[in-house]
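S.K.: After the structure tokens below, expect a handful of questions from me.
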Amino acid sequence: MTEKEARFEYLIRLGDNALILGQRLGEWCGHAHQLESDIALTNIALDNVGQARNLLTEAGKVEGKGRSEDDLAFFRTENEFRNNLLTEQENGNFAQTITRQYLFDVFQFHLYSGLCSSTDDFLKGFAEKSVKEVTYHRKLSGDWMVRLGDGTEESHDKMQEALDILWPFTGELFEKTEADEILIASGAVPDLEEIKKIWIEETSAKIEEATLTIPDTMGYMARGSRDGHHTEYMGYILAEMQALPRSMPDATW
Amino acid sequence: MSDNTENDQGKLWEVFIQSKPGIPHKHAGSVHAHDAEMALAGARDVYTRRREGTSIWVVPSEMITATTEQDADSFFDPADDKAYRHPTFYTIPEGVKYL
């Protein structure tokens with residue numbers, strides 16, 4: 001694998017995470033339990049879609065085949081996407097959305113913080129701008145974790161159920177590929193093993209504060225996104241997201 | 001955590017936004033939240049999406065005491081004919097803003 005291929009894979013991974021999570025959060029628009037949460041979730045969705053646009057545009061440039069952000073977002077198939085399985089999990093109830101968001105926000109925050117000292121100018125600039133957004137996302141989802149986990153009996157039970165469903169999808173956030181090894185060596189990206197240590201420490205403390213328990217998965221963690229294998233939800237997300245540009249490729253505003 | 005379980009939207013908070021440093025906070029609207037910190041987050045998300053603010057205050061709506069319509073005659077009408085209370089007899093130095 002060349003350094004160029006490694007950069008493309010990495011940009012696609014970051015971009016797809018932001019895009020698919022943004023798409024998922026966008027589904028909440030008009031459906032949350034109160035106006036404040038509705039707009040909070042869609043703000044986070046827009047932040048992520050904005051990040052995805054930057055990342056996929058850069059990925060297209062790095063690839064050098066003339067593909068735009070839209071080409072990459074709307075004209076790739078499921079197994080060409082590299083977003084983590086966690087980001088594509090269903091919204092479920094509000095507890096499930098908040099738990100997914102929190103687990104991912106802490107990961108994204110520490111990853112972007114690491115990228116702020118990247119030797120890659122694009123990644124450094126991107127991370128410095130985006131980490132401010134993610135700092136807010138992480139605070140908001142963390143605050144909800146504690147308020148719902150340590151809330152009423154009903155909210156606590158729903159949060160625990162959400163954590164039980166989503167925890168097995170957190171393992172592959174930290175899985176490294178050849179692209180990681182190449183980019184770590186040149187100082188372009190942080191080592192996911194280091195991010196994992198900080199992530200475990202921070203999420204464990206918050207989960208305890210929220211009076212919740214990390215489920216015992218007996219060592220099992222789902223995996224697959226690094227090879228383009230996704231869960232059953234992914235096809236439906238893409239169907240909705242890609243239907244318009246695929247049926248009317250030249251449509252403009 | 002909340003003492004307000006009968007209303008799952010939380011209590012009402014009044015939101016005040018300062019658009020630039022140094023000038024007064026202005027009432028922007030209200031949000032629902034279960035505590036002050038979440039009220040600040042709600043206010044940030046609802047009222048400062050377009051760079052409207054540099055600072056936010058939230059105040060529980062129940063803590064605000066307001067005049068009533070019945071008070072209007074005695075509170076405000078007596079000021080109607082006291083033009084001498086306006087500082088219109090002074091010249092304002094150049095450079096004084098927001099007066």
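S.K.: May I ask you to rank B:E94, B:E37 by accessible area, largest first, using a 1.4 Å probe over the protein chains only? Don't skip to the end; give the middle numbers.
M.R.: Numbers: B:E94 185, B:E37 90 Å².
The ranking, largest first, comes out as B:E94, B:E37.
S.K.: Report the calculated FRET efficiency for A:F75 and B:Y98 (r = Cβ-Cβ distance, R0 = 35 Å), to the nearest 0.05.
M.R.: On the way: r = 53 Å, r/R0 = 1.53.
Given R0 = 35 Å and the Cβ-Cβ separation, E is 0.05.
S.K.: Quick one: if you stick a label point 7 Å off each Cα along the C-beta vector at A:H33 and A:N93, how many nm between them?
M.R.: According to this spin-label approximation, the distance is 0.8 nm.
S.K.: With each label point set 7 Å from Cα along the Cα-Cβ vector, what nm distance links B:W57 and A:A239?
M.R.: Going from the B:W57 label point to the A:A239 one covers 5.3 nm.
S.K.: If Lys and Arg each add +1 and Asp and Glu each add -1, what is the summed charge of the other residues whose beta carbon sits under 14 Å from the beta carbon of A:F126?
M.R.: Charge balance near A:F126 sits at 0.
S.K.: Partner chain Cβ atoms within 10 Å, averaged over the residues of B:41-51 - can you pull that number for me? Walk me through the numbers before you get to the answer.
M.R.: Numbers: counts 8, 7, 1, 5, 12, 6, 1, 0, 4, 0, 0.
Whole-number average of other-chain Cβ neighbours for B:41-51 is 4.
S.K.: Just which residues of the range A:16-62 lose 50 Å² or more accessible area with every protein chain there, against their chain alone, with the probe set to 1.4 Å?
M.R.: Output list: A:Q34, A:E36, A:I39, A:N43.
S.K.: For chain B, modelled as a Gaussian network with Cα springs under 10 Å, which listed residue fluctuates most, B:S74, B:S30, B:S55?
M.R.: Taking springs between Cα atoms under 10 Å, the residue moving most is B:S74.
S.K.: Per 10 Å bin, what percent of the C-alpha pairs of the range A:4-62 does each bin hold, from zero upward?
M.R.: 28, 40, 22, 10, 1
S.K.: Quick one: among A:S118, A:S68, A:S186, which has the greatest mean-square fluctuation in a GNM of chain A with alpha-carbon springs under 10 angstrom?
M.R.: Judging by the Gaussian network model, the answer is A:S186.
S.K.: Moving to a separate point now. Run through the range B:9-86 and list the trypsin sites (Lys or Arg not before Pro) located in a DSSP loop whose Cβ has at most 13 other Cβ atoms within 10 Å. Each step should come with its number before you reach the end.
M.R.: Numbers: sites: B:K11, B:K26, B:R44, B:R49, B:R50, B:R51, B:K82, B:R85; in loops: B:R49, B:R50, B:R51, B:K82.
In loop regions of the range B:9-86 (DSSP not H, G, I, E or B), the sparsely surrounded trypsin sites (Lys or Arg not before Pro) are B:R49, B:R50, B:R51, B:K82.
S.K.: Then there's this: What net charge is computed for the residues neighbouring B:I23, neighbours being all others with C-beta under 14 Å from the C-beta of B:I23, Lys and Arg scored +1, Asp and Glu -1?
M.R.: Numbers: positive: B:K20, B:K26, B:K97; negative: B:E52.
Surrounding charge for B:I23 is +2.
S.K.: Between their Cα atoms, which of A:K129/A:K196; A:K4/A:K61; A:K124/A:K206; B:K20/B:K97; A:K176/A:K196 are more than 20 Å away from each other?
M.R.: The answer is A:K129/A:K196; A:K124/A:K206.
S.K.: Normalise the Cα radius of gyration of the protein assembly as shown by 2.2 N^0.38 Å (N = residues in it) and let me know the number.
M.R.: Compared with the compact-globule rule of thumb, the protein assembly as shown sits at 1.21.
S.K.: Please list, by residue number, every one of the trypsin sites (Lys or Arg not before Pro) in the range A:148-253 that is coil in DSSP and has at most 16 other beta-carbon atoms within 10 Å.
M.R.: The qualifying sites are A:K176, A:R223.
S.K.: Hand me the trypsin sites (Lys or Arg not before Pro) from the range A:61-129 located in a DSSP loop with no more than 12 other Cβ atoms within 10 Å, in residue order please.
M.R.: Filter output for the range A:61-129: A:K65.
S.K.: Let me ask something additional. Please state the equivalent ellipsoid semi-axes for chain B: what are the square roots of 5 times the Cα gyration tensor eigenvalues, largest first, in whole Å? Write out the running numbers ahead of the final one.
M.R.: Numbers: eigenvalues 239, 102, 13 Å².
Gyration-tensor ellipsoid for chain B: 35, 23, 8 Å.
S.K.: How do B:V15, A:V131, B:V59 rank by accessible surface area computed with a 1.4 Å probe, from largest to smallest?
M.R.: Details: B:V15 0, A:V131 25, B:V59 45 Å².
Ranked from most to least accessible, the order is B:V59, A:V131, B:V15.
S.K.: Then there is this: Which of B:D45, B:D35, B:D71 moves the most in a Gaussian network model of chain B with Cα springs under 10 Å?
M.R.: Between B:D45, B:D35, B:D71, it is B:D71 that shows the largest mean-square fluctuation.
S.K.: Going toward the positive end of the dipole of the range A:3-247, with +1 on Lys and Arg Cβ and -1 on Asp and Glu Cβ, which of A:A222, A:V189, A:F104 do you reach last?
M.R.: Going by the charge dipole, the pick is A:V189.
The values are calculated or read from the model by the stated rules, or taken from the named source; none is laboratory data. Bear in mind the structure is a predicted one, so any value in this text is a computation, not a measurement. As a convention, Cβ positions derive from the backbone with ideal geometry for all residues, glycine included, and neighbour counts pool all protein chains shown. These accessible areas exclude ligands, DNA and RNA; they are computed on the full protein's heavy atoms, side chains included. Shrake-Rupley method; radii C 1.70, N 1.55, O 1.52, S 1.80 Å.
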